[in-house]
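Remarks on the structure that follows.
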Amino acid sequence: MNLSIGIVGLPNVGKSTLFNALLKQQVALAANYPFATIEPNVGVVPVPDARLKKLSEVVHSDKIVPAVVEFVDIAGLVKGASSGAGLGNQFLSHIRETLAICHVLRGFSDPDIIREGSVDPLADLETIRTELQLADLATLEKQTPPKGSTSPADKKRWESIEKLKKAVSDGKMAHLVIETEEDEEVAKQLALLTAKPELFAINVDETALKSAEETHQEYARKLGAEPKQVVIISAKVESELSALGEEDQALFLAELGVEQSGLERLIQAAYKTLGLQSFLTAGEKEVRAWTIKAGANAVEAAGEIHTDFIKKFIRANVASYPDFVAAAGWKGVKEQGKLRTEGRDYIMQEDDVVEFMIGS
């Protein structure tokens, strides 16, 4: 499953610095001036998952393949972007190709970093959202009503277009009013920016991380977001972490009084916001994590491995990760009666280790 997230925000709020840290290399230009990033930088980042290493040890696998998130670093948007200001039209088109939007909002106090329109997180968010809404409104206003004798499907489609147009023109995000399959289909066909799920990364000073738990709820309330959508992060700290080994990273985080890196928390927030989960496969050739929608059944999960598996699905052999590790692999879970045989409609669980049986 292609999980792509567009990193957006005003110029100089820390987007490229965060992006560089996520990739653990300086592939984006993190310069202290507006529009340092003109072409979108794309990077595929592995999803941290400690289970994979343990599974590899159990089955003596030669290869570990984590689930991945594709981050797209999109150049800073400014007021008037929807009408072309600051190369805005070009940048907005890059957002259309992503699955979700991560707003990077300035919460740090460094006076040496040029603000370039930034006021405070809430006002900055309103600026960006306004440009997304104006761009979507232009798209929706180009749509024409069906003429003559119309089918029920055409009628429903137009009703969805009108509903979305009204919501966006009233200053709402489209995803807040999407209720039906028709609404979802229209938003997808038109690639509406405001229909994409949102994440909020508040880029704070290093010293503010210790009180992140308290400020997290406060920011969620101010932004009108669910707590799961908000991550308190320090792009500067993430940049420093990216240059360290695993042990030194753990020590550095402990000194800061935080348990997980911003990367881990951001990816977890993305999974929760988008309603995603992972399942695991474990064999001698490779151990792998696969991303699926929460609530997906066994056939849908098998289709993530290969589309042919959907038609040729026979059954799924399933064990929970804790049982699989405790029993030292497939043979052990079978001998201990911990291996289950599940059919097509089985709903996948987060800790499932699966072997799909596929016909010829």
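How many residues does region 154-213 contain that are in contact with a Gly (Cβ under 7 Å, 6 or more places away or on another chain) and among the charged types (D, E, K, R)?
1
Do we have any residue at all in region 263-284 that's under 23 Å from Arg106 (Cα atoms) and small (Gly, Ala, Ser)?
Yes, some residue in region 263-284 is under 23 Å from Arg106 (Cα atoms) and small (Gly, Ala, Ser).
Somewhere in region 83-95, is a residue open to solvent by less than 70 Å² (accessible area, probe 1.4 Å), touching an Asp or Glu at 6+ places or on another chain (Cβ under 7 Å) and modelled with pLDDT of 75 or more?
No, because not a single residue in region 83-95 is open to solvent by less than 70 Å² (accessible area, probe 1.4 Å), touching an Asp or Glu at 6+ places or on another chain (Cβ under 7 Å) and modelled with pLDDT of 75 or more.
Scan region 210-225 residue by residue and report those that are open to solvent by 40 Å² or more (accessible area, probe 1.4 Å), touching a residue at least 24 places away in the same chain (Cβ under 8 Å) and not basic (Lys, Arg).
Correct list: Tyr219 only.
Mind listing just one residue for me: the one in region 243-278 that is among the small types (Gly, Ala, Ser) and more than 20 Å from the chain's Cα centre (by Cα) and, of those, surrounded by the most Cβ atoms within 10 Å (Cβ to Cβ)?
My answer is Ala250.
Here is a list: Val72, Val44, Val59. Which entry is within 18 Å of Ser261 (Cα to Cα), at pLDDT 55 or above, in contact with a helix residue (DSSP H, G or I) (Cβ under 9 Å, 6 or more places away or on another chain) and surrounded by fewer than 23 Cβ atoms within 10 Å (Cβ to Cβ)?
The match here is Val44.
Taking into account only those residues within region 279-297 that are open to solvent by less than 30 Å² (accessible area, probe 1.4 Å) and out of contact with any strand residue (DSSP E or B) (no Cβ under 7 Å at 6 or more places or on another chain), which is nearest to Lys331 (Cα to Cα)?
Here the answer is Gly283.
If I go through region 298-341 residue by residue, how many of them are more than 20 Å from Val59 (Cβ to Cβ), open to solvent by less than 40 Å² (accessible area, probe 1.4 Å) and in contact with a strand residue (DSSP E or B) (Cβ under 6 Å, 6 or more places away or on another chain)?
Of the residues in region 298-341, 2 are more than 20 Å from Val59 (Cβ to Cβ), open to solvent by less than 40 Å² (accessible area, probe 1.4 Å) and in contact with a strand residue (DSSP E or B) (Cβ under 6 Å, 6 or more places away or on another chain).
Would you confirm, using the coordinates I've provided, whether Glu213 is acidic (Asp, Glu) and either within 17 Å of Gly275 (Cβ to Cβ) or part of a loop (DSSP other than H, G, I, E, B) (or both)?
So Glu213 does not fit the description; no.
Between Thr207, Thr194, which is open to solvent by 20 Å² or more (accessible area, probe 1.4 Å) and either of a type outside the set (A, V, I, L, M) or outside any helix (DSSP H, G or I) (or both)?
Being open to solvent by 20 Å² or more (accessible area, probe 1.4 Å) and either of a type outside the set (A, V, I, L, M) or outside any helix (DSSP H, G or I) (or both) holds for just one of Thr207, Thr194, which is Thr207.
The values are calculated or read from the model by the stated rules, or taken from the named source; none is laboratory data. The structure presented is a predicted model; accordingly, all values stated were derived computationally and were not measured. In this analysis, Cβ positions are derived from the backbone assuming ideal geometry, glycine residues included, and neighbour counts consider all displayed protein chains. Keep in mind that these areas ignore ligands, DNA and RNA; they rest on the heavy atoms of the full protein, side chains included. Shrake-Rupley method; radii C 1.70, N 1.55, O 1.52, S 1.80 Å.
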